[in-house]
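See below for the structure under consideration.
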């Protein structure tokens with residue numbers, strides 16, 4: 001079944017855009033959302049590597065992190081065999097050892113997406129959204145300049161993923177107060193793929 005990669009910076013609103021789009025698609029085939037970080041987090045907690053999601057960026061050694069990515073991708077690929085899937089993820093990650101691609105080559109090939117959708121927003125708006133989100137610790141994304149660099153790197157990753165998989169990239173701008181506009185764009189993508 002088709003698999004879509006949906007990525008964006010923490011606080012960009014990708015899950016909100018996704019959820020509004022899915023509400024609009026209730027008449028289309030059912031879609032499962034696979035949040036890549038949730039899959040990795042479950043494995044990391046089981047292996048007693050972290051206590052919360054935000055520790056995953058700073059407390060896991062690089063080799064173990066790659067292992068978690070592979071295990072998560074393996075499970076998502078199994079889930080995608082019999083249903084439409086949106087993989088909600090980050091196209092790149094800030095870690096204690098620097099920026100890394102969120103979907104290394106082996107992971108990307110395992111998932112085999114039909115399209116890559118990138119949700120972006122103005123970095124100043126993202127900074128405000130992150131400050132309002134009291135459920136997460138995102139001090140490593142603390143200012144607009146870091147977010148701008150992160151979004152640029154993520155966009156570059158999306159371009160590379162697109163070339164490797166020979167699939168399109170759709171960039172959707174999630175402007176403050178315009179969630180429905182962004183969701184409508186995503187809905188059109190989902191209709192065409194699913």
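When all alpha carbon pairs of region 82-194 are counted in 5 Å bins from zero, the resulting P(r) reads 2, 10, 19, 22, 21, 15, 9, 2, 0 %. When peptides 168-181, 85-98, 144-157 are sorted by average Cβ neighbour count within 10 Å, with the highest value leading, the order is 85-98, 144-157, 168-181.
Summarise the long-distance tail of P(r) for region 1-93 by giving the % of C-alpha pairs beyond 22 Å.
Tail of P(r) above 22 Å: 32 percent of Cα pairs.
Computed with the Debye formula from one identical point scatterer per Cα of region 13-147, without solvent, the log10 of I(q)/I(0) at q = 0.14, 0.20, 0.21 Å⁻¹ comes to -0.73, -1.40, -1.47. Looking at the chain alone, DSSP beta bridges between its own residues are antiparallel in about 15 percent of cases. Quick check: residue separation of residue 156 and residue 105 times 0.36 nm, minus the Cα distance between them. What number comes out in nm? Result: 16.9 nm gained on full extension.
Each Cα pair under 8 Å and six or more residues apart adds its separation to the average, and for the chain the resulting relative contact order is 35 percent.
Is it possible to state the helix-based mean residue ellipticity at 222 nm for the chain, with each DSSP H run of 4+ residues giving -39500 (n - 2.57), the sum divided by total residues, to the nearest 500 deg cm²/dmol? What is it? Helices in the chain give a 222 nm mean residue ellipticity of -15500 deg cm²/dmol.
Annotation: for a label point projected 7 angstrom from Cα along Cα→Cβ of residue 124, residues of region 1-37 with backbone N closer than 20 Å are 9-13. FRET efficiency for the pair residue 1 and residue 188, taken as 1/(1 + (r/R0)^6) with r the Cβ-Cβ distance and R0 = 22 Å, rounds to 0.70.
When you restrict to C-alpha pairs under 8 Å that are six or more residues apart and normalise by the size of region 30-112, the relative contact order lands at 38 percent. Once the Cβ-Cβ distance between residue 79 and residue 143 is put in as r, and R0 is 41 Å, what FRET efficiency do you end up with, to the nearest 0.05? FRET efficiency, residue 79 to residue 143: 0.65. Between residue 96 and residue 166, the contour length at 0.36 nm per residue exceeds the alpha carbon distance by 22.1 nm.
Readers should treat all values here as calculations from the given coordinates under stated rules, not as data from a laboratory. Everything numeric in this text was worked out from a predicted model, so none of it was measured. So basically every Cβ, Gly included, is an ideal-geometry build from the backbone, and we count neighbours across all protein chains shown.
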